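**Student:** First, the structure itself, so that you have it in front of you.
Each value in this text was obtained by applying a stated rule to the coordinates, not by laboratory testing. Predicted model only: the values in this text are computed from it and were never measured. Positions of Cβ are backbone-derived with ideal geometry, glycine not excepted, and every protein chain shown enters the neighbour counts.
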Amino acid sequence: MLGNSDLGARVVVRRRVFADGRSKFTDLLGVLTELTESYLTVATLRGEIRVPLDEIHRAKRVPDVAGLERAAALAMPAPDTAHLGDWLLRAAEGFTGRANSVLPLGDPGMPFSSALAQVEEFYASRGLPPWIDVPLPLMRPVARALETNGWKPLCTVLVRVIEMPALLAATPPGEGVTFYTEPTPEMRSMIKGRRGGFPASAAHVLSAVPLLTYGGYSVSSHVVAMARGTVTNGWLGYTFVETDPAARRRGLAREVMGAVARWGAENGARRAFLQVQDDNTAALALYDSMGFQPHHWYTRYSKP
């Protein structure tokens, strides 16, 4: 059943109504605008519809894949962008896959083959491989069309989400965590570790977000665990959750995530998300233990 945390979200409501001496089911799709002890209200394309709670057979939130992908793009902003219709082309001198790939939400505004040619030209002119991150299952037709045109999947990234009350309940307050407005040299080293270079564009990707923090846990004045937090469109986004190898298995990642969660709640976040590659079993085990739930996934495609 839906709760107050679902207000403002896109929902589907299965309603049991009686007509001609028998019951039947009808579905409503829209935005939940009101919830009381006796009824809820859904804003549909036909207008607002009030439904008594005793008529509801089942109701649930509909994952807003496009909305979350846009919030995630704002959390990792590329300094060099272009648009092809509803597609967003991003480049940041190769720093992170998310800031150097196409986000194909909607229609490119031209024939598919022409759009792919434009994508290849955009990245070739910057000395980068052409990558397209396809949100699934929302943009499955794009994935099929890419495969038809010879593009190959490189990796799959899982998107996990959680409501803020559940996240706060599942994490410690992180009282030993210090907040920074930009990454410290030790944080930069941890961020760089698995990503190779640290070009000039990295500063934009890491810092060009209005609501941003870096939580760091220090031992002997050295940061040994960190998490970057952003708030975009009501979503708390976790990126660069890192722990120094010598400090692992001490619960420090959970500590910094808990501190960042409380920062996010204070800054208006209603839900939290993170993105993790599907073969990162250690990270997935941590996030599952905290209560993060599957939302959707995206597959990165490249032209061989």
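**Student:** If R0 is 22 Å, what FRET efficiency do you get for Glu266 and Leu53 from their C-beta distance, rounded to 0.05?
**Tutor:** 0.10
**Student:** Any idea what the alpha-carbon Rg over 2.2 N^0.38 Å comes to for the stretch 223-289?
**Tutor:** Here the answer is 1.11, to two decimals.
**Student:** Give, in whole angstrom and from largest to smallest, the semi-axes √(5λ) of the equivalent ellipsoid of the stretch 4-61, with λ running over the eigenvalues of the Cα gyration tensor. Kindly include the intermediate steps, with their values, before the conclusion.
**Tutor:** On the way: eigenvalues 78, 28, 19 Å².
Semi-axes (√(5λ), whole Å): 20, 12, 10.
**Student:** Out of all Cα-Cα pairs in the stretch 65-155, roughly what percent, to the nearest whole number, are more than 22 Å apart?
**Tutor:** 19 percent
**Student:** Classify the stretch 126-176 as rounded, prolate or oblate, taking a ≥ b ≥ c as the square roots of the eigenvalues of its Cα gyration tensor: rounded when a/c is under 1.5, otherwise prolate if a/b is larger than b/c and oblate if not.
**Tutor:** Verdict is prolate for the stretch 126-176.
**Student:** Fully extended, how many nm does the chain gain between Val219 and Glu147 (0.36 nm per residue separation, minus their Cα-Cα distance)? Don't jump to the answer; show the numbers that get you there.
**Tutor:** Working: separation 72, 0.36 × 72 = 25.92 nm, distance 4.86 nm.
Net length gain for the segment: 21.1 nm.
**Student:** Only counting other Cβ atoms within 10 Å, I'd like Lys60, Lys303, Lys24 sorted with the fewest neighbours first. Don't skip to the answer; put the middle values down first.
**Tutor:** Working: Lys60 13, Lys303 16, Lys24 10.
Result, fewest neighbours first: Lys24, Lys60, Lys303.
**Student:** Using Cβ counts within 10 Å as a stand-in for footprinting exposure, how do Met190, Met110 rank, fewest first? Walk me through the numbers before you get to the answer.
**Tutor:** Details: Met190 20, Met110 14.
Fewest to most other Cβ atoms nearby, the residues stand as Met110, Met190.
**Student:** Please compute the modelled spin-label separation between Asn280 and Val31, points set 7 Å along Cα→Cβ, answer in nm with one decimal.
**Tutor:** 3.2 nm
**Student:** For Glu175 and Asn233 in one chain, what is 0.36 nm times their gap in residues minus the Cα-Cα distance, to one decimal in nm?
**Tutor:** Taking 0.36 nm per residue and subtracting the Cα distance, the gain is 18.2 nm.
**Student:** Also, quick follow-up: Distance from the Cα centre of the stretch 78-128 to that of the stretch 237-251, in angstrom?
**Tutor:** Comparing the Cα centres of the stretch 78-128 and the stretch 237-251, I get a distance of 32 Å.
**Student:** Which one of Ala117, Ala71, Ala253 has the biggest mean-square fluctuation once the chain is modelled by GNM with Cα springs under 10 Å?
**Tutor:** Largest GNM mean-square fluctuation: Ala117.
**Student:** Same structure, new question: Report, in debye and to the nearest 20, how large the dipole of the stretch 4-61 comes out about its Cα centre when Lys and Arg carry +1 and Asp and Glu carry -1 on their Cβ.
**Tutor:** 320 debye
**Student:** Could you list which residues have their amide H under 5 Å from that of Ala225, counting only those 5 or more apart in sequence or on another chain, with H placed in the peptide plane?
**Tutor:** Placed amide hydrogens put Tyr217, Asp244 under 5 Å from Ala225.
**Student:** Percent of Cα-Cα pairs per 5 Å bin, from 0 to the last occupied bin, for the stretch 160-298, please list those.
**Tutor:** 2, 10, 21, 25, 22, 16, 5, 1, 0
**Student:** Once you place label points 7 Å from the Cα toward the Cβ at Ser5 and Thr81, how far apart are they in nm?
**Tutor:** Going by the 7 Å Cα→Cβ label model, 2.9 nm.
**Student:** Right, something else. Of the residues Val223, Val231, Val134, which exhibits the maximal mean-square fluctuation in a Gaussian network model of the chain defined by a 10 Å Cα contact cut-off?
**Tutor:** Val223
**Student:** For the ranges 11-20, 199-208, what's the packing order if you count other beta-carbon atoms within 10 Å of each residue, average per peptide, and put the highest first?
**Tutor:** Packing proxy ranking, top to bottom: 199-208, 11-20.
**Student:** Give me the number: length gained by fully extending Asp20 to Ser189, i.e. 0.36 nm times residue separation minus the C-alpha to C-alpha distance, one decimal in nm. Let's see the in-between values first.
**Tutor:** On the way: separation 169, 0.36 × 169 = 60.84 nm, distance 7.01 nm.
Full-extension gain reported as 53.8 nm.
**Student:** Further question: Based on Cα coordinates alone, diagonalise the gyration tensor for the stretch 96-246, multiply each eigenvalue by 5, take square roots, and list the semi-axes in whole Å, largest first.
**Tutor:** Each semi-axis is the square root of five times an eigenvalue, giving 35, 19, 13 Å.
**Student:** What per residue convex hull volume, in Å³, comes out for the chain when only alpha-carbon positions are used?
**Tutor:** 159 Å³
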